[in-house]
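Data block below; observations after.
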Amino acid sequence: MDRLKGKVSIVTGASSGIGRRTAEVFAQEGSDLALVARRLHRLKEVEAECTAMGVRAISISADISVYENCQRVVQETIAAFGRVDVLVNDAGIADKHRPVTRIENDWWDHVIAVDQNSVYYMMKEVLPYMEKAGSGSIVNISSIGGVDGIAGISYSAAKAAVIAMTKNVGIQYAGTGIRCNSVAPGPTPTELNTPEQIATFDSEFSAKCHRHFDASVPEVTVDDQANAILFFASDDSKGCNGQTLVVDNGCTI
C-alpha cells in the first residue's frame, strides 16, 4: 500500500476496462488522479469510487486523438494539482482485425489517431512538467499485437509504434529520474473484445492471427494488467526504462 502516496497520476481511458481498474488500484495506493475519457458520466462513477478511498480525483472528458484536447487535459491537471508524476496512456480502440487489403483508409487513420497519436500528444505535453520536477513515470499501453503483429494492420502498426516511442523517450531521459515503459496486454476481457465487438472483426484474418498464439491459455484479468502498470508507475521499477512487459499468461511464448 501507499506505493503512489503523494503522487498525481493521469490515466487515459479511465472510464472502463484496464484504465478503470488501473485508476482504482492507483487510488488504493494513494495517488491523486486525473481521469480522462470521452464518457463523462462513466468517469464520474470512477471518480466517486476513487475519492471514497481518500484521494483527490477529477474527471476530464476529452477525445485525446486531438492534440488541443491533450493540451487541455494536462493544463486542467496542473491547475487542479500543480504537478504530474505519472502518466498512463491507456486510451485506445480495437481495429476489427482488418488486414492490409481489406481496411478502409479512413479506418486506418482513425485507429492510428486514437492508438498512436494520442500517446505521442500526451507524452509531449506531460514531459516538460516532469522535467521541471526531475522525476516522473510514463506507462504506455501497447499490445501483443504490437509485439507479434497478431491483430489488424492498423492496430498492430499503432501498438508497435507505442513500443518504439517508449524506447525513444526512455533513451532521451535515461538517468534523469524520468522513466518510460510499456505494458503489452494479451487477451483480457474488456468492452473492446465482447462477443458483440468480435462479431464485427474480419473473421478470416482473425483466424489466421489465432494460429500464432495459444488460445487455450486462460485470459489475463484487468487486475493482472493494472498490477503490471502499477509496477512501472511506482518506484518498484526504478531500474526499468524503455522496457516492454508482455502480460498474456504466456499465450505468445
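Worth a mention:
- Carbon and sulfur %, accessible surface of the range 120-234 computed with the full protein complex present, 1.4 Å: 57 percent
- Comparing GLY30, GLY134, GLY177 in a Gaussian network model of the chain where C-alpha atoms under 10 Å apart are linked, the largest mean-square fluctuation is found at GLY134.
- Length released on extending from ASP223 to ASP236, taking residue separation times 0.36 nm less the Cα-Cα span: 2.9 nm
- Computed from label points 7 Å out along Cα-Cβ, the spacing between GLN71 and MET1 is 4.3 nm.
- Magnitude of the charge dipole for the chain, about its Cα centre and with charges confined to Cβ atoms of Lys, Arg (+1) and Asp, Glu (-1), is about 480 debye.
- Placing dummy labels 7 Å off each Cα toward the beta-carbon, the span from SER135 to ILE253 is 3.6 nm.
- Over the range 27-144 - Rg/Rh using Cα atoms and the Kirkwood inverse-distance radius: 1.01
- Here the range 161-219 is assigned +1 on the Cβ of each Lys and Arg and -1 on the Cβ of each Asp and Glu. Its dipole about the Cα centre then comes out at about 420 debye.
- Tilt relative to the chain, helix 17-28 - C-alpha long axis, 0 to 90 degrees, to 10: 20 degrees
- Helix 67-81 and the longest principal axis of the C-alpha atoms of the chain enclose an angle of approximately 30°.
- Between helix 222-233 and the chain there is an angle of about 50 degrees, using the helix long axis and the longest principal axis of the Cα atoms.
- Potential lengthening between ALA199 and HIS212 on full extension [0.36 nm per residue; Cα-Cα distance subtracted]: 2.7 nm
- Rg and Dmax over the alpha-carbon atoms of the chain stand at 17.2, 51 Å.
- Charged side chains reduced to their Cβ positions (Lys and Arg at +1, Asp and Glu at -1) give the range 109-253 a dipole of some 600 debye around its Cα centre.
- Projected label points at VAL100 and GLN172, each 7 Å from Cα along the beta carbon direction, are separated by 2.9 nanometres.
- Cross-link reach list, lysines versus LYS7, counting only Cα pairs under 28 Å and skipping chain neighbours closer than eight places: LYS44, LYS124, LYS132, LYS159, LYS167, LYS238
The values are calculated or read from the model by the stated rules, or taken from the named source; none is laboratory data. Because the structure is a prediction, the values reported are computed rather than measured. Quick reminder, even Gly has a Cβ in these numbers, built from the backbone with ideal geometry, and neighbours come from all protein chains shown. Accessible surface areas use protein heavy atoms only, side chains included; no ligands, DNA or RNA. Shrake-Rupley method; radii C 1.70, N 1.55, O 1.52, S 1.80 Å.
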